[in-house]
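The values are calculated or read from the model by the stated rules, or taken from the named source; none is laboratory data. None of the values given here were measured: they were computed from a predicted structure. Every residue, glycine as well, gets a Cβ built from its backbone with ideal geometry; the counts of neighbours run over all protein chains shown. The area values use the complete protein model at the heavy-atom level, side chains included, leaving out ligands, DNA and RNA. Shrake-Rupley method; radii C 1.70, N 1.55, O 1.52, S 1.80 Å.
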Amino acid sequence: MTDLLPQMHPPRILVVDDEEGIREGLKALLSQKGFWVEGSGDLEDAVRRNESHSFDLVFLDIRLPGSNGLDGIVPLRKGSNPPEVVILTGHGTVGSTVEAMRKGAFDVLEKPFDPDRLIGVATRCLETRRLKGQVDNLKGRVRELTSTELVGQSDSIRQTLQRIHQVAQAPDTTILIEGESGTGKELVARCIHENSARSQGPFVGINCAALTENLLEAELFGYEAGAFTGATKEGKDGLFAAASGGSLLLDEIGELPMNLQAKLLRVLQEKSYRKVGGVKDHPSRVRIIAATNRNLAQLVQEGKFREDLYYRLHVISIRTPPLRERPEDIPLLAHYFLDFFGKQMGKALTGFTEDAMEDLVEYTWPGNVRELKNAVEHAAILCPFGLIGDEHLPHWHGGLPGGGDVIPTEALELPRDDRSLKSMERILIERVLDEMGWNISRAADKLGINRTTLYNKIKLHKLGKRPMRNPLGV
Ligand SMILES: Nc1ncnc2c1ncn2[C@@H]1O[C@H](COP(=O)(O)OP(=O)(O)OP(=O)(O)O)[C@@H](O)[C@H]1O
Ligand SMILES: [Mg+2]
């Protein structure tokens, strides 16, 4: 048995053919390869046996006594985990092949068979079935774990989910979400909103780093007529008014200018705000959710963020963990995004090859979930159908070193013109391979990728051992 088929039990195959010689021949050939094989002489018997034995693969002759094998495909493939069907034909016409595939056959084999081809088809078919099973399993788990669309099964994500549900119950409490870029802070904010008593109200977000101080203040609180040059005659409501009854996400709160920090503190203390140029207090009816990828406590220490505001915001805090701390979430997220992009692009993308998934899990994802999502989108665009392989993933994904000693850049030869990532990757890989004396395992280790990826990259970049370089490496 090849290690392509790591299963608890040997795969079960049913050979349906009225000619005993063919049945016995196939049984002998397939059993030799470690498959568990049964034979059947007619369609009715085959369907009955399949119902009680649930086979993984059925080889089905097209000409059977009193029936056409093609009529057996649909009944054999009933149920939740049906076998794959490979049609055997001595009379292979284009018509019957097309009909077989349309009815759901995996492949069509013409008699007389070439034993290698037959084993090849069986192996490929069973491997596809195993992967389909894995994908269905993961999809089921994704559905199960995404009541809030926040995908993950790691302990840290479970804690985050638990926190979301707790804070959702307190619809007025201010919340601070802290986490690196791309870890899902905005998603968490939306989940809080959607699960809270404010879910019928609006969810409004603003990036505090995106506007100048004056514009940000006007955007947040609104302004009265003639408040400043360029202000409209009627004045304008701000986001506190727009989000009334709902939630207001103040993203990148660490970038809020000092002057506005004071104003926000006042809103939190007095639960009211003033428009720019106004004298009237308007009640604030929003829940404030603040998010940051900075270390706010440190900003407080450095005198860049008001301590009193920090404590006001920090009533409840939620941390969105970086992806590298929870690699067990990567397969789930990758399948989730693949499903999403597959549907969006109308493509039948069934999953990832083992190598591709290994690479995804091994990479450290400095851009966190957003980077993973982008990588899957990239792969979904490049892959026409079926499984995502290494070659569809962005070529930088496995090429970044996982850590270790710093190699001074002066010691690397950087080409004058071509500074593409691909070219940098080639240089780095070649350099590490040289350093490791072309020991693939050690070089792969050093580069933070697996050996298969390294072999693929050596092929991709057409690398080969070079004569010894001078000791400075230049
Ligand atoms: N656990 C998750 N499940 C599903 N999708 C996720 C998850 N975490 C993040 N995402 C997706 O990843 C992308 C980035 O997430 P989001 O914008 O919430 O991150 P962020 O922490 O706000 O990033 P930034 O600091 O750069 O603003 C979004 O498309 C989001 O839907
Ligand atoms: Mg964000």
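Summary of computed values
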{"quantity": "Tally of residues being within 16 Å of ligand 2 (Cβ to nearest atom) and hydrophobic (A, V, I, L, M, F, W, C) across the stretch 368-385", "calculated": "2"}
{"quantity": "Residue check, residue 367 free of Cβ contacts under 8 Å to residues at least 12 places away in the same chain and open to solvent by less than 70 Å² (accessible area, probe 1.4 Å)", "calculated": "no"}
{"quantity": "Residues being more than 16 Å from ligand 2 (Cβ to nearest atom), farther than 26 Å from residue 195 by Cα and of a type outside the set (Ser, Thr, Tyr) - total across the stretch 222-264", "calculated": "20"}
{"quantity": "Cβ-Cβ under 7 Å pairs, at least 6 apart or on other chains, the stretch 333-345 side closer than 14 Å to residue 138 by Cβ, far side among the basic types (Lys, Arg) and exposed (fewer than 14 other Cβ atoms within 10 Å of the Cβ)", "calculated": "none"}
{"quantity": "Criterion violated by residue 209 - all others in (1) farther than 14 Å from residue 286 by Cα; (2) away from ligand 2 (no atom under 16 Å from the Cβ) satisfied", "calculated": "(2)"}
{"quantity": "Residue within the stretch 278-298 that is in a helix (DSSP H, G or I), buried (at least 16 other Cβ atoms within 10 Å of the Cβ) and either within 13 Å of ligand 1 (Cβ to nearest atom) or at negative phi (or both) present", "calculated": "yes"}
{"quantity": "Tally of residues being away from ligand 1 (no atom under 16 Å from the Cβ), open to solvent by 10 Å² or more (accessible area, probe 1.4 Å) and either in a helix (DSSP H, G or I) or without any contact (Cβ under 8 Å) to a residue 24 or more places away in the chain (or both) across the stretch 244-264", "calculated": "4"}
{"quantity": "Tally of residues being modelled with pLDDT of 85 or more and within 16 Å of residue 359 (Cβ to Cβ) across the stretch 429-443", "calculated": "1"}
{"quantity": "Residue in the stretch 196-210 that is farthest from residue 271 (Cα to Cα), counting only those that are open to solvent by less than 60 Å² (accessible area, probe 1.4 Å) and within 16 Å of ligand 1 (Cβ to nearest atom)", "calculated": "209"}
{"quantity": "Residues located in the stretch 158-186, provided they are of a type in the set (A, V, I, L, M) and either closer than 20 Å to residue 305 by Cβ or open to solvent by 70 Å² or more (accessible area, probe 1.4 Å) (or both)", "calculated": "175, 176, 177"}
